Amino acid sequence: MKALSAALSTALGAPVQRPALLVELAFSPAKRWSSYSDLTWAGVNWAKEDVSLESLQVGALSLTGALRIGNGDGAMAALVRAQGVQDRSVRIWGYDAGATAAGDVVWLADGICGAAQIGADAVRIELRHPCEYTLSPRTFVTDGDFAPLLPAGTVLKINGQAYTLARRN
């Protein structure tokens with residue numbers, strides 16, 4: 001069982017919690033933002049930025065939702081246009097603003113960026129799981145692929161091991 005730090009226990013027991021996010025987006029160089037305030041965590045600096053999540057749902061091999069990043073000055077739109085976001089990795093952590101020690105920050109998701117919608121006030125980036133769109137189709141080797149095939153029952157010795165060829169029924 002995980003023990004809570006004194007800072008996290010105090011923050012969670014307070015009448016008002018201050019939930020916040022840490023978002024790392026793999027631009028060149030990587031951008032690291034905090035939704036609450038500037039802070040140093042995991043040995044790197046996180047700059048305060050207008051970031052939020054919309055409808056984040058994390059499951060086994062699935063991730064849906066959107067990352068919203070403020071665009072009041074147009075800098076985020078320029079960055080997205082210059083470097084693109086398709087297939088860039090994104091990492092997301094959650095924390096309470098009253099507890100920012102290493103053990104108090106909780107990993108929420110690792111994802112991949114999809115389509116981006118650029119608006120005057122914000123850039124909205126769709127998120128997906130890194131395994132989405134990865135396929136491994138079931139295929140069979142037939143005479144049409146490689147001809148002629150060795151007959152069934154042929155024994156092949158590969159690296160000292162004997163393999164006997166068999167055919168599908």
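Rounded to the nearest whole Å², what accessible area per residue is found for the chain with the 1.4 Å probe?
For the chain, the solvent-accessible area averages 64 Å² per residue.
Please sort 73-79, 33-39 by packing, taking for each peptide the average over its residues of neighbouring beta carbons within 10 angstrom, highest first.
33-39, 73-79
For Trp41, which sequence-distant residues (separation of 5 or more, or a different chain) have an amide H within less than 5 Å of its own amide H, given hydrogens modelled in the peptide plane?
Trp46
Pop out the ³J(HN,Hα) list for segment 111-128 in order, Karplus 6.51 cos²θ - 1.76 cosθ + 1.60 with θ = phi - 60°, rounded to Hz; leave Gly and Pro as x.
Ordered by residue, 3J(HN,Hα) equals x, 10, 7, x, 6, 10, 10, 9, x, 5, 9, 7, 10, 10, 10, 6, 10, 8 Hz.
Please list log₁₀ I(q)/I(0) at q = 0.15, 0.27 Å⁻¹ for segment 79-156, using the Debye equation with identical point scatterers on the alpha-carbon positions.
The computed values of log10 I(q)/I(0) come out as -0.76, -1.19.
Summing +1 for each Lys or Arg and -1 for each Asp or Glu, what net charge is found among the other residues whose Cβ lies under 12 Å from the Cβ of Lys48?
-2
Apply the a/c threshold of 1.5 to the C-alpha gyration tensor of segment 51-116 and tell me whether it is rounded, prolate or oblate.
Oblate, since a/c reaches 1.5 and b/c is not below a/b.
Any idea how far the Cα center of segment 42-61 sits from the one of segment 73-149, in Å?
Using only Cα atoms to place each centre, the spacing works out to 12 Å.
For segment 31-169, what is the relative contact order in percent, using Cα pairs closer than 8 Å and at least 6 residues apart in sequence?
Contact order relative to length: 18 percent.
The values are calculated or read from the model by the stated rules, or taken from the named source; none is laboratory data. Bear in mind that the values here come from a model prediction, so they are computed numbers and not experimental data. So basically every Cβ, Gly included, is an ideal-geometry build from the backbone, and we count neighbours across all protein chains shown. Note: accessible area is taken over every heavy atom of the protein model, side chains too, but ligands, DNA and RNA are not part of it. Shrake-Rupley method; radii C 1.70, N 1.55, O 1.52, S 1.80 Å.
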